[in-house]
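Read the structure below first, then the notes.
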Amino acid sequence: MYFCTMDFIINATLKAVKHLYNIDIAAGDITLQETRKEFEGQVTVVTFPFTRFSKKSPEQTGNEIGAYLQNELPEVAGFNVIKGFLNISLADGYWLGQLYNKISPADFGVFKPNGKKVMVEYSSPNTNKPLHLGHVRNNLLGFSVAEILSAAGFEVIKANLVNDRGIHICKSMLAWQTFGNGETPESSGLKGDHLVGKYYVLFDREYKVQIEALKASGQTEDEAKKNAPFIKEAQEMLQKWEAGDAEVKSLWKTMNGWVYAGFAETYKKLGVSFDKFYYESDTYILGKDIIEEGLEKGVFFRKADNSVWIDLTADGLDEKLVLRSDGTSVYMTQDMGTAQLKYDDFQMDSSLYVVGNEQDYHFKVLFLILQKLGKTWAKGLYHLSYGMVDLPSGKMKSREGTVVDADDLMDEMEQTAKEQTEAMGKVDGFSEAEKLNLYHIIGMGALKYFLLKVDPKKRLLFDPNESVDFQGHTGPFIQYTHARIRSVLSRAGDMDIDIAKAYDRLAPEERDLIAALTQFPDIIKAAADAYSPAVIANYVYELAKIYNKFYHEKSILQAEDEQAKQFRLQLSAASGKVINKAMALLGIEVPERM
């Protein structure tokens, strides 16, 4: 776990070194750690670096500094020294003050605005098919990072760049014209994105048939792919679209409308949202002005065939095409233009692109080009690269047989949650509506937690059944802990903080729980600095484990006296609040009862 900031220990240690050894050191020279479990104490000062001016052994140095701290700080109840480690035990009064003065107030874990603005761009779907498992990780990661940055004090813009034009959507449009017979989401009963995806698959199937027929007539595979009537018609449709053909544009708007309605349903069920949508149909022509600017500055150069390039070999990369010889854009062209558009719209201090690691090279080149063009804001661009998600074979079926559809995945998660919850008898006394809501909360919590608990850069294997284990390192375990806390508080009735404050003899389990809770603001900051929801996810899992140990070791409702009972209720309420806030940063709901 991350160790919480304890400036008062650092400041007192600075004074101790000055007083004992007449040396001025900086706060950065002092290393604090969480005390190892096998030793008494909660915070450890590493004293090895001080021996060079104390001229004494690490043990002697630690004892001298420890004695000074205990004498000067009422918060220090005692200390012990193990080699070069000064382990400090903080007084119960310190921990009780943390609970009542910092943790319990409603604004705990909420940072003041820092004046910085950041855009987080995620999702970026194509409008020719439904969202799939890869999009699920992308959306959950982007949304959670945005929530964490917002909690850390940033003004956040959640953006979605929709890939709504190009040959891919023309393929779906052409197949619908050829095979659709006027089919609509209403007439078919299919979500709009699934319907359009169906015709994308049909295009591919017919295209392959035509390729095989041409190969049988003597053409090579490359010739057949180029000459198949279906691909030629799709290319002609794209040219008509770019020329503004009214009929093609009308069909394009209609089918994209179906897709957007389908996406909206998926996003809602997934629990993600956006502040700003950009559309490639609006941005694909951007970047041409930047090309001219780059040619004038000598950043780009034109080849004999009229194509425009940049030479990045001196930077360890390669030559990169930025404009085709016929004057049409490549992805790099429009990405430069879109980056400028986003900055012009919001003037953000930083901009995160949540995109899979297969695009690592693309973003390295994009950011470098923008810096060479003198775009001062380019230093704030960051590619939040993430790994692929794999599934155990046979665990889930996909609609198309090749990728796992996001809607199928969410339905499967809710079904798995239903089976496991009912098997454990956790829905006795629930109405049918309450059951369905609980299955959704648990299923989505399991999915989100499993995907977010792993460092974004790592590839992961997602097992739906393992993710819904109520006893494992899972979302449902944490959700169940929250429901347990709410149950205790509900049965307790009214709480009396004045009686609670008369309790002043902390048990180790109580102190450990308060110590874990105090870390929450530092955890948020660490997660924001690393753009990693995994930091939050692993913290809240550890917190749930610590609460459950406290719950099993210390009676709450049947406590030894009213002071202990009221204190433990206050501690439980604070724990429930932090668990709720931490899970919300992951986009996960926590149920009131299970």
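The values are calculated or read from the model by the stated rules, or taken from the named source; none is laboratory data. Since the structure is predicted, the reported quantities are computational estimates derived from the model, not experimental observations. No Cβ is skipped: glycine too gets one built from the backbone with ideal geometry, and neighbour counts run over all protein chains shown. Heavy atoms of the whole protein, side chains included, go into the accessibility calculation; ligands, DNA and RNA do not. Shrake-Rupley method; radii C 1.70, N 1.55, O 1.52, S 1.80 Å.
Looking only at region 172-191, count how many residues are outside any helix (DSSP H, G or I) and closer than 12 Å to Trp258 by Cβ. The number of residues fulfilling the criteria is 5.
Just checking, does region 477-495 include any residue being under 30 Å from Gly380 (Cβ atoms), open to solvent by less than 50 Å² (accessible area, probe 1.4 Å) and of a type in the set (S, T, N, Q)? Step through it out loud before you land on a result.
So in region 477-495, the residues under 30 Å from Gly380 (Cβ atoms) come out as none.
Among the residues of region 477-495, not one is under 30 Å from Gly380 (Cβ atoms), open to solvent by less than 50 Å² (accessible area, probe 1.4 Å) and of a type in the set (S, T, N, Q), which makes the answer no.
Yes/no per residue for (1) open to solvent by less than 50 Å² (accessible area, probe 1.4 Å); (2) of a type outside the set (A, V, I, L, M, F, W, C); (3) closer than 24 Å to Phe143 by Cα; (4) outside any helix (DSSP H, G or I):
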residue: Gly218; (1), (2), (3), (4): no, yes, no, yes
residue: Lys226; (1), (2), (3), (4): no, yes, no, no
residue: Lys232; (1), (2), (3), (4): no, yes, no, no
residue: Gln239; (1), (2), (3), (4): no, yes, no, no
residue: Lys249; (1), (2), (3), (4): no, yes, no, no
residue: Gly257; (1), (2), (3), (4): yes, yes, yes, no
residue: Ala261; (1), (2), (3), (4): no, no, yes, no
residue: Phe274; (1), (2), (3), (4): yes, no, yes, yes
residue: Phe277; (1), (2), (3), (4): no, no, yes, yes
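Pairs linking a residue in region 377-388 that is closer than 12 Å to Asp455 by Cα to a residue that is acidic (Asp, Glu) and surrounded by fewer than 18 Cβ atoms within 10 Å (Cβ to Cβ), with Cβ atoms under 7 Å and 6 or more positions apart or on different chains, are Ser385/Asp360.
Assess whether Glu466 counts as being acidic (Asp, Glu) and over 21 Å from Tyr539 (Cα atoms). It would help to see each step written out before you state the result.
Values: acidic (Asp, Glu): yes; over 21 Å from Tyr539 (Cα atoms): no.
The answer is no for Glu466.
For Lys426, indicate whether it is at pLDDT 95 or above, basic (Lys, Arg) and over 30 Å from Pro130 (Cα atoms). Explain how you work it out, then say what you get.
Values: at pLDDT 95 or above: no; basic (Lys, Arg): yes; over 30 Å from Pro130 (Cα atoms): yes.
The answer is no for Lys426.
Here the condition is being open to solvent by 10 Å² or more (accessible area, probe 1.4 Å) and in contact with a strand residue (DSSP E or B) (Cβ under 8 Å, 6 or more places away or on another chain); of Glu155, Glu183, it holds for Glu155 alone. Only residues that are in a helix (DSSP H, G or I) and either open to solvent by 10 Å² or more (accessible area, probe 1.4 Å) or in contact with a Lys or Arg (Cβ under 7 Å, 6 or more places away or on another chain) (or both) were counted in region 158-171, giving 3. Selection of first residues in region 321-340 that are within 15 Å of Gly166 (Cβ to Cβ) and of second residues that are among the hydroxyl-bearing types (Ser, Thr, Tyr) and part of a loop (DSSP other than H, G, I, E, B), restricted to Cβ pairs under 8 Å at least 6 apart or on distinct chains, gives the following pairs, ordered by first then second residue: Arg324/Ser307; Ser329/Tyr284; Gln334/Tyr284.
Against the condition of a type outside the set (Asp, Glu), within 30 Å of Tyr260 (Cβ to Cβ), surrounded by 19 or more Cβ atoms within 10 Å (Cβ to Cβ) and modelled with pLDDT under 95, how does Ser329 come out, does it pass? Quick ask: steps written out before the conclusion?
Values: of a type outside the set (Asp, Glu): yes; within 30 Å of Tyr260 (Cβ to Cβ): yes; surrounded by 19 or more Cβ atoms within 10 Å (Cβ to Cβ): yes; modelled with pLDDT under 95: yes.
Criteria met by Ser329.
Take the conditions (1) within 33 Å of the chain's Cα centre (by Cα); (2) at pLDDT 95 or above; (3) surrounded by 23 or more Cβ atoms within 10 Å (Cβ to Cβ); Leu86 misses just one of them, which is (1).
Of all residues in region 186-207, those that are among the basic types (Lys, Arg) and surrounded by 14 or more Cβ atoms within 10 Å (Cβ to Cβ) total 2. Of all the listed residues (Val209, Val248, Val196), the sole one being at pLDDT 95 or above and either within 24 Å of Asp405 (Cα to Cα) or of a type outside the set (A, V, I, L, M) (or both) is Val196. Among the conditions (1) open to solvent by less than 60 Å² (accessible area, probe 1.4 Å); (2) at pLDDT below 95, the only one that Arg324 does not satisfy is (1).
In region 199-228, how many residues are closer than 24 Å to Asn256 by Cα and in contact with a Phe, Trp or Tyr (Cβ under 9 Å, 6 or more places away or on another chain)?
Of all residues in region 199-228, those closer than 24 Å to Asn256 by Cα come to 199-207.
Still in the running and in contact with a Phe, Trp or Tyr (Cβ under 9 Å, 6 or more places away or on another chain): 199, 202-203, 206-207.
Total satisfying the criteria: 5.
Can you tell me which residues in region 35-61 are closer than 19 Å to Ala91 by Cα and crowded, with 16+ Cβ neighbours inside 10 Å? The answer is Thr35, Gly41, Gln42, Val43, Thr44, Val45. The set of residues in region 290-316 being assigned to a loop (DSSP other than H, G, I, E, B), surrounded by 15 or more Cβ atoms within 10 Å (Cβ to Cβ) and aliphatic (A, V, I, L, M) consists of Val299, Leu312. Of all residue pairs spaced 6 or more apart or on separate chains, those with beta-carbon atoms under 6 Å, a first member in region 403-430 that is touching a residue at least 24 places away in the same chain (Cβ under 8 Å) and a second member that is open to solvent by 70 Å² or more (accessible area, probe 1.4 Å) are Asp405/Arg399.
How do the helices (runs of 4 or more DSSP H) wholly within region 505-594 filter down when requiring 3 or more residues that are in contact (Cβ under 8 Å) with a residue 40 or more places away in the chain and of a type in the set (Val, Ile, Thr): which remain? Walk me through it before giving the result.
Numbers: elements: 508-518, 520-530, 533-553, 562-585.
Once the helices (runs of 4 or more DSSP H) in region 505-594 are filtered for at least 3 residues that are in contact (Cβ under 8 Å) with a residue 40 or more places away in the chain and of a type in the set (Val, Ile, Thr), what remains is 533-553.
Filtering region 421-461 to residues that are among the aliphatic types (A, V, I, L, M), more than 20 Å from the chain's Cα centre (by Cα) and buried (at least 21 other Cβ atoms within 10 Å of the Cβ) leaves only Leu438.
Gly109 satisfies every condition listed in (1) of a type outside the set (A, V, I, L, M, F, W, C); (2) within 30 Å of Lys379 (Cα to Cα); (3) modelled with pLDDT of 95 or more except (3).
A Cβ distance below 8 Å, combined with a sequence gap of six or more or placement on separate chains, defines the contacts here; from region 165-192, residues that are free of Cβ contacts under 8 Å to residues at least 12 places away in the same chain and farther than 19 Å from Leu238 by Cβ reach residues that are open to solvent by 40 Å² or more (accessible area, probe 1.4 Å) and assigned to a helix (DSSP H, G or I) in the pairs Leu190/Lys198.
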